[in-house]
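Report on the structure given below.
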Amino acid sequence: METVKINEAAEFDKFVYSHPKGHMMQTSAWGKVKKEWDWTGFILRDDSGEIKGVCAVLIRQIPMTPFKMMYAPRGPVCDLDDKETVKELLLAAAEYGKKNKAYTFKIDTDTPYSNKEYIELLKSIGFSFKEHGAGFDTVQARYIFRLNIEGKTEEEVMAGFHSKTRYNTRLAQRKGIRIEVKGKEACEDFHKLMLITGERDNFATRDTSYFERIMDAFGEDARIYFAYYEDELLAGALDVHVGDKVWYVYGASSNSHRNLMPTYLVQWSMIQWAIEEGCSWYDFRGGYPDENNPLHGIFKFKQGFCPEYTEFMGEADLIMNKAGYAFVEKATEARKSLRKVRAKLKG
C-alpha cells in the first residue's frame, strides 16, 4: 500500500482515467477544487507492481468543533468484486483517518443499490448505512441519470430521448439559439447566471472562484457551454471529462426567452462532445424523484434525455468516534431544519 499527496498523483490519476469505475471526484484535480480539504491518495499494487486499485480521501476540520471528517467521494476505484482489494484500500484509509483524528470515514461508492454483495462487504468491515431521503440530503445525490452512449451515433442517442425533449432541442436550433464553448474566462458570466437560477429556484450558489478552480484543475477536460439568442446570454453549463465519462457538473439559465428552450440545446451540445470523445457514458448527476419536491423539475428535465435513472448505494459511515459522530449529526440536522424554515419564510 502506498500513499500519495496531491502534487505527486500522476500515476494515481492515470489509473482513475483508465478504469471503468473511474470518477472525476476520485482525481487529484478534484482535490485541488476542494481546497478546504486535505487530499490523500491510496494505491494498492499486485505482486508484479501493477496497480489493482486506488482510493482518494478528503479530510477536513468540521467548523467550530474539534472533529474531522474523512470522505472518499465515489471511491474506491477498483474491481468491486475483488473483496480483498476493496478491504485493503478501505482499511488502510480508515487507519489514516484514525491517525488524523477523524470521527468518521464516509463513502458513497459509484455502485447501484442492487449491488448487495458489495454493501454486505462494507457492513462486514464495520460500515453502517442510514436511511436517507430521495433528494440531496446526502453529500452526493443518490439517484443518478447516466446515459449510455457507447458506440452510438448522434442519431441513435437522440432517438432515445423523450419526444418532447427532441422537439425542444430542435426548436432551439430552429429559433436561432447559438452555442459557444468557453474556458476559464467565462466563469464570471457563468456565476451571474447561477445567481439568477439560485434566486429563481431557491438554492445556494458557488462563487466565481469555485468555478475557476474547476477550470484550472481539470484544464482542457473542463468546458463551459453558453447559449445565446442574438447577443443575449440565456443559459450555460459546466462539464468535466474524465476517462470514459463526461459529467454535467453545473447548469444555469436566465429568466429571458425561456420559451426558446436554450437549456436543451446546451445539454445536447455537451452530449455531442461526449460522443466525439468516444465516451461510454454521459452523467447528468442527480435529481429528486419526489414529485412534491420544488426541484423535481430538474429531475423531469434530465429524465427527458435519459429515461432511466439508477439508485446508488447511498452513504456509508465507518464511525471512529461515536461521541463526535453524534454531535456532528445533531448539528447537521439542526442546520438543515433552520434552512427549511428560512426557505419557507422566504417563499
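Taking a sphere under 10 Å around the Cβ of residue 228 and counting the other residues whose Cβ falls inside, with K and R at +1 and D and E at -1, yields a net charge of -3.
3J(HN,Hα) along segment 23-33, derived from phi through the Karplus expression 6.51 cos²θ - 1.76 cosθ + 1.60 where θ = phi - 60°, amounts to 9, 4, 7, 9, 8, 5, 4, 5, x, 6, 5 Hz, with x in place of Gly and Pro. Solvent-accessible area assigned to carbon and sulfur over the chain amounts to 49 percent, based on a 1.4 Å probe. Along the Cα-to-Cβ line of residue 50, 7 Å from the Cα, sits a label point; which residues in segment 218-261 have backbone N less than 20 Å from it? Only 244 fall inside the zone, counting backbone N under 20 Å.
Among 175, 106, 68, the largest mean-square fluctuation in a Gaussian network model of the chain (Cα springs under 10 Å) belongs to 175. Once backbone amide H atoms are built at 1.01 Å from N, residue 128 has 317, 318, 319 as its partners under 5 Å, excluding neighbours fewer than 5 places away on the same chain. Where both bridge residues fall in the chain, DSSP classifies roughly 85% of the beta bridges as antiparallel.
Starting from the exponent 0.38 and prefactor 2.2 Å, build the expected Rg for segment 206-318 from its residue count and divide its actual Cα Rg by it.
Details: Rg = 15.2 Å, N = 113, 2.2 N^0.38 = 13.3 Å.
That ratio works out to 1.15.
Cross-link partners for residue 52 among the aspartates and glutamates, with Cα-Cα distance under 18 Å and sequence neighbours closer than 8 places in the same chain left out: 2, 11, 13, 79, 81, 82, 84, 88, 110.
Using the Karplus relation 6.51 cos²θ - 1.76 cosθ + 1.60 with θ = phi - 60°, the per-residue 3J(HN,Hα) values for segment 66-80 come to x, 9, 10, 10, 10, 9, 10, x, 6, x, x, 10, 5, 6, 5 Hz, with x marking Gly and Pro. Segment residue 202..residue 18, full-extension length gain: 62.4 nm, with 0.36 nm per residue of separation and the alpha-carbon distance subtracted. Distances between placed amide hydrogens fall under 5 Å for residue 250 paired with 238, all partners being 5 or more residues away or on another chain. Is there a pair in 192/330; 34/130; 87/152 whose C-alpha atoms are over 32 Å apart, and which pairs would that be? Checking Cα-Cα distances, 192/330; 87/152 exceed 32 Å.
In order along segment 42-47, the Karplus-derived 3J(HN,Hα) couplings, from 6.51 cos²θ - 1.76 cosθ + 1.60 at θ = phi - 60°, round to 10, 10, 10, 10, 8, 5 Hz, and Gly and Pro are given as x.
Net length available on complete extension from residue 292 to residue 231 is 18.3 nm, with 0.36 nm assigned per residue and the Cα-Cα distance removed.
The values are calculated or read from the model by the stated rules, or taken from the named source; none is laboratory data. Being a predicted model, the structure only gives us computed values, none of them experimental. Cβ atoms come from the backbone with ideal geometry, glycine included; neighbour counts cover every protein chain shown. Ligands, DNA and RNA are excluded from the accessible area calculation, which covers all protein heavy atoms including side chains. Shrake-Rupley method; radii C 1.70, N 1.55, O 1.52, S 1.80 Å.
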